[in-house]
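Single-structure report; data block below.
What follows is calculated from the coordinates using simple rules that are stated; it is not laboratory data. Everything quoted here is computed from the prediction, not taken from an experiment. Quick reminder, even Gly has a Cβ in these numbers, built from the backbone with ideal geometry, and neighbours come from all protein chains shown.
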Amino acid sequence: MHRISEKVHEPIQALYVSQLLQWPLARDNYHALDDVLRRDIPLGDFPSALQFNPARRRSTAAVVDKKTIEKRPCFLCSANRPEEQIECHLNDDFSILVNPYPIFPLHLTISATTHRPQDRWPLDMVICAEKMPGVVFFFNGARAGASAPDHLHFQATADCELPIIGLIERHHPVSCPGLRYSTDFGLDLPFGFFSFVIPADSSGQQVLAQALNVCGFDPKTGRPDRDLLNVFVWLDPAGLLRIVAIPRKAHRPDCYFIEGDGHHTVSPGAVDMAGLVILPDKEDFDSLTADELRVIYAQTAFTQDEFKHLYIK
Ligand SMILES: [Zn+2]
């Protein structure tokens, strides 16, 4: 949990200490992170890697159709949360929780205090990022990896954990504030995205509004879709606010639905799109190839060519 400012370090640290003392499930799952495996699998200039993490099966293989969601008690509502889970008050609208099924040593869930749908990404992510340098806040749209699409929430980890952050900080310099498209970078990347550096002056509001309005696109309906989007918000080393938005075309790739040969239990959310692909099956971890990963990205987000055609007029 390095690089967290003094200001936020203490309450979050205290939350972790008490949760790992009182909550055996969380303690076991955080300790199990010592055993996760990682394999780098770069795609062109994109520094992607695989993580073998069997504890994430419940999230990767979560059933997120409307009927199933309506039937189950919402695990983010305070009434249904595990008895041991305690919350750290962020503001009237959001609470900070330790994620009991972590991908990272610091893995927070920031959950709305009331049960309301995973609609557009909340401005509270910006408030959080400004308060916590070194921490990246990320959002899974309701059809882009959210395992509770009925309850507004986002997550957080240390910014060094997500490969895409370093790539963007290198290729979108703070001397060029505003919007840059991934296609401007002149790199070999497996999918397209929007990168915003929010200027500290009065034009910042306008750029922020632009970032808030980014949508994914559903090829089936032919319409822009807010639910098909992953968003990352963080404060960079220069102290400027950065936002990255990855429009999606689908939640899951074809290989998720194939039975037998060719099946891979992979279900990309924000972390996977940021370059760390979470695999609960050892066989997938051992066998997944760079070409297969490119196909997974191309079926769930837009290739650079598709992105250019769809978003750059
Ligand atoms: Zn709820």
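Couple of notes before you dig in:
- ³J(HN,Hα), Karplus 6.51/-1.76/1.60, whole Hz, each residue of region 229-240, x for Gly, Pro: 7, 10, 10, 10, 10, 7, 9, 7, x, 7, x, 9
- Most mobile listed residue (124, 218, 34) in the chain, GNM with C-alpha springs under 10 Å: 34
- Ordering of 42-53, 72-83, 143-154 by packing is 143-154, 42-53, 72-83, highest average first (other Cβ atoms within 10 Å, averaged per residue).
- Counting only cysteine Cβ atoms and a cutoff under 4.7 Å, the chain contains unmatched residues 88, 128, 160, 176, 215, 255.
- Among 288, 235, 21, residue whose mean-square fluctuation peaks in a GNM of the chain (springs only between Cα atoms under 10 Å): 21
- Distance violations [Cα-Cα > 26 Å] among 67/249; 220/308; 282/308; 66/131; 66/308; 71/282: 282/308; 66/131; 66/308; 71/282
- Cα gyration tensor shape of region 1-93, rounded if a/c is under 1.5, else prolate or oblate by comparing a/b with b/c: oblate
- Extended-chain gain in nm, criterion 0.36 nm per residue less alpha-carbon gap, residue 259 and residue 89: 56.8 nm
- Sorting 88-101, 237-250 by their mean Cβ neighbour count within 10 Å, with the most densely packed peptide first, gives 237-250, 88-101.
- Only Lys, Arg, Asp and Glu carry charge here, each on its Cβ (+1 for the first two, -1 for the last two); on that basis region 6-311 has a dipole of about 660 debye about its Cα centre.
- Treating each Cα of region 6-311 as one equal point scatterer and applying the Debye formula with no solvent, the log10 of I(q)/I(0) at q = 0.11, 0.12, 0.14 Å⁻¹ comes out as -0.64, -0.78, -1.10.
- Dimensionless Rg/Rh of region 37-169 - Kirkwood Rh, Rg from C-alpha atoms: 0.96
- The alpha carbons of region 119-274 occupy a box of 53, 35, 32 Å along the principal axes, longest dimension given first.
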